[in-house]
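For reference, the structure is listed below as structure tokens.
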Amino acid sequence: MAIGFCLLLLFPTPTVHLPLRSLVPEMPPLPTKRWESMAKGLVLGAVFTSFLLLLYSYAVPPLHAGLASTTPEDTAPCSPAPGASDADLTAANSSSEGCRPRRDIVFMKTHKTASSTLLNILFRFGQKHGLKFAFPSGRNDFDYPAYFARSLVQDYRPGACFNIICNHMRFRYQEVRGLVPPGAAFITVLRDPARLFESSFHYFGSVVPLTWKLSSRDKLAEFLQDPDRYYDPNGYNAHYLRNLLFFDLGYDSSLDPGSPRVEQHILEVESRFHLVLLQEYFDESLVLLKDLLCWELEDVLYFKLNARRDSPVPRLSGELYRRATAWNMLDTRLYRHFNASFWHRVEAFGRERMAHEVAALRRANERMRRICIDGGQAVDAAAIQDSAMQPWQPLGTKSILGYNLKKSIAQRHEQLCRRMLTPEIQYLMDLGANLWVTKLWKLIRDFLRW
């Protein structure tokens, strides 16, 4: 729909002036060539509009997201070769010297939770060890916000096994479970729901139609003063504006917070995921992840990717924070549960040991920052010199920061630096993902300067 409106502005329908013979009998008939030209323009405009609308239907989420259909053939479980799968998770969770690195991982990539940074970590590990990724076909997500189905995986065949699944999806456990060997580690990441809502509102607000009606400079504050006035739960892309974590994890984001189903869903997440990371304690989360997967320190080094430029509008105040928390109460209950369990896990790991490992991770990250990043910090999109380092931007703005790679880097660090700084879309293409829809959509956006 948005493209249709834009096309009407860019290519307005020609006004046809018919000769009113009864009123102005002396007016001569319009030349035949003018009619032919107008007809050609109308036909070309209709064809071009139809093409873009068709492309748009592939490039953006569908209006109604239902369960993805599957066939009996699609339900065939992963059949790893004998001895090919990792040992049971409990064996890999040991911190002893005999611990073996985990290579089978499902990362449920949630929105606006530093998940792109974690994705880069998984890309690097998989590339380093020659692992098999389950990539989406055509786009950089699994037809989100539709539910995940195995048939959405690029080059999928019944019984196929993959080591790593990590792109955006709306989670559907049984479908995902059937793509990885037994003992695969399931992980995800959560964020304070009020802060997540703020980030999602600014990033996705331009593609949620009701938010277009907000007139004040601080649209977020206006929305939170009376969210029911602007929010339609059945509206286009409305899932981005309420309980986004619950939605991403595959649950009904419009449930009554007092429903017993909410607690059941939270306990279900706890039973399915071996580790739930917290964005606010990202370094501590990576230390726990490193321990769970029996990885090395180099495997979890990172630079913050897909970060948004600070908004000129102040962050949520106390009252607006309270309103945002209440508006996203399902996510709030989810987050509070896993915040508590996270710190129980830190206690079991050891506070002193955690502080030591976090300090080591931060020192290593700082060292890589000095080695890799020109200027030592993230910059606006306009200041990024290499298009291969240009991150994907939200519609209508360039608010996502990126990096410039130093021009002179020692050979032993050059490959790692480039991989650590490569944005998601470019890295997916480097790894062999077929993103023809995403690339074509980018070309159109660049041409129309969206």
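The values are calculated or read from the model by the stated rules, or taken from the named source; none is laboratory data. Worth saying up front: this structure is predicted, and the values here are computed from it rather than measured. Quick reminder, even Gly has a Cβ in these numbers, built from the backbone with ideal geometry, and neighbours come from all protein chains shown.
Annotations for the structure displayed:
- Residue match in the range 259-269 (condition: assigned to a loop (DSSP other than H, G, I, E, B) and without any contact (Cβ under 8 Å) to a residue 24 or more places away in the chain): yes
- Candidates N434, N365, N404 - the one that is modelled with pLDDT under 95 and either out of contact with any Asp or Glu (no Cβ under 6 Å at 6 or more places or on another chain) or assigned by TED's automatic domain parsing to the domain that holds R261 (or both): N434
- Within the range 200-228, the residues that satisfy the criterion of being in a helix (DSSP H, G or I), surrounded by fewer than 17 Cβ atoms within 10 Å (Cβ to Cβ) and at pLDDT below 90 are S206, P209, W212, K213.
- Selection within the range 112-140 - surrounded by fewer than 21 Cβ atoms within 10 Å (Cβ to Cβ) and among the basic types (K, R): K128, K132
- Filtered residue count, the range 98-118, keeping only those that are farther than 24 Å from P80 by Cα, touching a strand residue (DSSP E or B) at 6+ places or on another chain (Cβ under 8 Å) and outside any loop (DSSP other than H, G, I, E, B): 2
- Hits in the range 182-215 - residues which are within 26 Å of D291 (Cβ to Cβ) and among the acidic types (D, E): D192
- The range 400-426 residues that are among the hydroxyl-bearing types (S, T, Y), paired with ones that are modelled with pLDDT of 90 or more and buried (at least 17 other Cβ atoms within 10 Å of the Cβ) (beta carbon under 6 Å, 6 or more apart): Y403/I373; Y403/L421
- Selected residue (only one of A340, A326, A348 is within 28 Å of L220 (Cα to Cα), part of a helix (DSSP H, G or I) and assigned by TED's automatic domain parsing to the domain that holds P193): A326
- Qualifying residue in the range 284-297 (condition: more than 18 Å from T110 (Cβ to Cβ), part of a helix (DSSP H, G or I) and hydroxyl-bearing (S, T, Y)): no
- Candidates Q393, Q411, Q415, Q385, filtered to the one that is in contact with a strand residue (DSSP E or B) (Cβ under 9 Å, 6 or more places away or on another chain) and surrounded by fewer than 16 Cβ atoms within 10 Å (Cβ to Cβ): Q385
- The range 291-350, residues that are touching a Lys or Arg at 6+ places or on another chain (Cβ under 7 Å) and closer than 16 Å to P193 by Cβ: W327, N328
- Residues of the range 228-263 that are under 14 Å from V207 (Cα atoms) and among the acidic types (D, E): D232 alone.
- Scan of the range 230-264 for residues that are surrounded by fewer than 20 Cβ atoms within 10 Å (Cβ to Cβ) and within 27 Å of F349 (Cβ to Cβ), ordered by number: E263
- Scanning the range 126-148 for residues that are within 17 Å of the chain's Cα centre (by Cα) and part of a loop (DSSP other than H, G, I, E, B) gives A134, F135, S137, G138, R139, N140, F142, D143, Y144, P145, A146, F148.
- Test: residue in the range 351-360 that is under 20 Å from A194 (Cβ atoms) and either touching a Leu at 6+ places or on another chain (Cβ under 8 Å) or in contact (Cβ under 8 Å) with a residue 40 or more places away in the chain (or both): no
- Test: residue in the range 373-384 that is part of a helix (DSSP H, G or I), in the same structural domain as L245 (by TED's automatic domain parsing) and touching a residue at least 12 places away in the same chain (Cβ under 8 Å): no
Here is a yes/no grid of residues against (1) of a type in the set (S, T, Y); (2) in contact with a strand residue (DSSP E or B) (Cβ under 9 Å, 6 or more places away or on another chain); (3) more than 24 Å from R333 (Cβ to Cβ):
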residue	(1), (2), (3)
V180	no, yes, yes
F186	no, yes, no
L210	no, no, yes
K213	no, no, yes
L220	no, no, no
Y230	yes, no, no
P233	no, no, no
